[in-house]
């Protein structure tokens, strides 16, 4: 109870701070954007991976393990404020939330839910709305953990799981070479107390050690020789291996791409009901990486997305496209970014029409998840 009371008070404080800064920073007059589908990573968090000889096993992290930090709340709030530059025109004139205009989904994770609330506090403050509090409550729909192929991606997939387990035993050629060239990394990592260390363990160590360093904690002696430079390549490949094959790309990247594409088609046909303009998804770095890799644009963005990174699929009008709309993909690398970087699909030259976008992603579209996964 205390935790959610704290969050409520914090959101109110952030909203009050926003209003004190003055007028809206919306600069989107004349925009051609008709709808957005944005997936963002949660903010700064406490660790989720540990090892037997971890010196901070009993460290008291505010909120507990894997929780959004105060810094993380601020990151998402700032991202929400920055989004008004590009997407403020999609909001109702009075700035009020309406279920007919916006849908917000989150993974089951508390840090994602809180990140969504923080972003919305920055993106949609009360302004002149006649609300009795200095914060605009906006609902977030969560997906149960093991029913979710979209955001947390814990929904069972038998065929995928077998392929992934095989890759843990028989690593791809480039990973085997990386392991052979960095035997010292594995040798030193044995001092963690973990047995039978694999490349995925090195990726987990990297994640936790980065958090320790960011929080001013002393690193274990064994880690100082190899963190971050020698460990980062393992962290990058730990995530990209989730989408190593075309089939794995379809499972991990296809669910979200399917949702986006179907809604875009309905939007163009004017059959989307309600006819929303904004779809926001609070998710994880692994999910964003899977989508980027499935589209073959991972190297245009970031192999390890920062906290509060955001991937946005935009639907535009374009006079050069007769009876069609244009799809653009942009990437906010962190919460300080105001103008995002545009990403370009290799198989869809600019302007990428919705028709051509559909052709480009056709092999990633999922009709029946359980059938694809051979769950039945």
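To the nearest 0.05, how large is the calculated FRET efficiency for residue 100 and residue 271 if R₀ is 22 Å and r is the Cβ-Cβ distance? The calculated FRET efficiency here is 0.90.
Annotation: extensible slack from residue 61 through residue 141 equals 26.1 nm (criterion: 0.36 nm per residue apart, minus Cα-Cα distance). Of all DSSP-defined beta bridges confined to the chain, some 60% are antiparallel rather than parallel.
Round to the nearest 0.05 the FRET efficiency obtained for residue 339 and residue 317 when R0 = 22 Å and r is the Cβ-Cβ distance. With R0 = 22 Å, the Cβ-Cβ based efficiency is 0.60.
Normalised by the number of residues in the chain, the average gap of Cα pairs under 8 Å and 6 or more apart makes the relative contact order 25 percent. Distance between the modelled labels on residue 376 and residue 213, one decimal in nanometres: 4.8 nm (7 Å Cα→Cβ projection). Under the criterion of Cα pairs below 8 Å and six or more residues apart, the relative contact order for segment 320-376 equals 30 percent.
To the nearest 0.05, how large is the calculated FRET efficiency for residue 367 and residue 247 if R₀ is 25 Å and r is the Cβ-Cβ distance? That gives a FRET efficiency of 0.95. Judged by the mean number of other Cβ atoms found within 10 Å, the most tightly packed of the peptides 102-108, 313-319, 177-183 leads the ranking 102-108, 313-319, 177-183. What's the angle, to the nearest 10 degrees (0 to 90), between helix 158-169's Cα axis and the longest principal axis of the chain? Tilt relative to the chain: about 40 degrees. Computed over the chain, the alpha-carbon pair-distance distribution with 20 angstrom bins reads 27, 56, 17, 0, each value a whole percent.
Per residue, the chain reaches -12500 deg cm²/dmol at 222 nm when only DSSP H runs of four or more residues are counted, each adding -39500 (n - 2.57). Once the Cα atoms are used to define both axes, helix 285-294 deviates from the longest principal axis of the chain by about 80 degrees.
With each label modelled as a point 7 angstrom along the Cα→C-beta vector, the residue 85-residue 158 pair spans 5.0 nm. Taking all C-alpha pairs of segment 173-241, those more than 19 Å from each other amount to 25 percent.
Compared with the dominant Cα axis of the chain, that is its longest principal axis, helix 2-20 is turned about 50°. Using the average count of surrounding beta-carbon atoms within 10 Å as a protection proxy, the listed peptides 326-332, 113-119 rank, highest first, as 113-119, 326-332.
Packing, as the average of other Cβ atoms within 10 Å across residues, places the peptides 83-91, 206-214 in the order 83-91, 206-214, highest first. Applying 0.36 nm per residue to the separation of residue 191 and residue 170 and subtracting their alpha-carbon distance, the gain on full extension is 5.1 nm.
Here, each number is a calculation from the coordinates, and none is a lab measurement. Owing to the predicted nature of the structure, the values given are computational and were not obtained by experimental measurement. Heads up, the Cβs are rebuilt from the backbone with ideal geometry, glycines too, and the neighbour counts pull from every protein chain shown.
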